[in-house]
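The values are calculated or read from the model by the stated rules, or taken from the named source; none is laboratory data. In this text the structure is predicted, and so the values were computed from the model without any measurement. Note that each Cβ is placed from the backbone with ideal geometry, even for glycine, and that neighbours are counted across all protein chains shown.
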Amino acid sequence: MSTTEIATDPATSDTNAGHVDTKLEVVVIPVSDVDRAAEFYVGKLGWRVDVDLATGTGRVLHVTPPGSATSVMFGTGLTPSAPGSTQFLHLVVSDIEAAHAELVAAGVESSGVFHDPTGNFNRFDPRVRAAGPDPERRTYASFVAFSDPDGNGWVLQEVTTRFPGRIDSAATSFASAQDLSSALRRAEAAYDEHAERTGGRITERPEWFAKYLVAEQAGEQLPL
């Protein structure tokens, strides 16, 4: 077996079967100045403050990016890691160009939108970056990189359709109205293409849209 292969039993391919749900809740990042980090993450990025706690040695903040189920925590004496040592934390967005525009409007210095022309979705070597989003706008293939004042590195990654197995096919959810509206626009475009190919519109438009949204999020075959 190669290092990239994982043995699976078709009868027990559901990786959640028999396991307690274990959800990633908080990521701790090391910063040198809590107030400065708060101004960046809350003041500039607009992340929600869940906890702002004064301690005997300083301050602890627990903040959450818009639409995220996982939060970020930073503060005085939380981690022995050096400030700025955390790199390549990924934030998933549904529209990379809109997300980049928000960073620019907030005064956050970033790389600009880029893609890897070799097609590697998980390599961020500046020497192989090509400007602009992926030409085919493939899911997982377009990025923006930026850092906080300490140098902790973040990557925005555009994900519109999940790879198979990444999402429970029995559950569909959207983190925000913006994510849902983006998905509906993609479904509408696919619906119009289907209607043009078949020579007529589908009677059950809401049902077709629903099937498209569920299949797209689960990474399954789209109703095209």
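Observations on the model:
- Sole residue being of a type in the set (Val, Ile, Thr), modelled with pLDDT of 80 or more and more than 22 Å from THR64 (Cα to Cα), chosen from THR139, THR198, THR160, THR203: THR139
- The listed residues are GLY84, GLY132, and the only one of them that is of a type in the set (Gly, Ala, Ser), at pLDDT 90 or above, surrounded by fewer than 16 Cβ atoms within 10 Å (Cβ to Cβ) and on the phi > 0 side of the Ramachandran plot turns out to be GLY132.
- The listed residues are GLY56, GLY77, GLY112, and the only one of them that is in a loop (DSSP other than H, G, I, E, B), closer than 24 Å to PHE143 by Cβ, outside the structural domain of ALA183 (by TED's automatic domain parsing) and not hydrophobic (A, V, I, L, M, F, W, C) turns out to be GLY112.
- The single residue among GLY67, GLY77 that is closer than 21 Å to VAL34 by Cα and surrounded by fewer than 18 Cβ atoms within 10 Å (Cβ to Cβ) turns out to be GLY77.
- Considered as a group, the residues in the stretch 60-84 that are over 25 Å from LYS23 (Cβ atoms) and in contact (Cβ under 8 Å) with a residue 60 or more places away in the chain include one that is farthest from the chain's Cα centre (by Cα), and that residue is PRO83.
- Of all residues in the stretch 36-53, those that are farther than 16 Å from GLY107 by Cβ and either within 26 Å of the chain's Cα centre (by Cα) or part of a loop (DSSP other than H, G, I, E, B) (or both) total 5.
Condition check ((1) among the basic types (Lys, Arg); (2) more than 20 Å from GLY43 (Cα to Cα); (3) in a helix (DSSP H, G or I)) across all residues:
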{"position": "GLY84", "(1), (2), (3)": "no, no, no"}
{"position": "GLN87", "(1), (2), (3)": "no, yes, no"}
{"position": "GLU97", "(1), (2), (3)": "no, yes, yes"}
{"position": "VAL108", "(1), (2), (3)": "no, no, no"}
{"position": "PHE143", "(1), (2), (3)": "no, yes, no"}
{"position": "PHE146", "(1), (2), (3)": "no, no, no"}
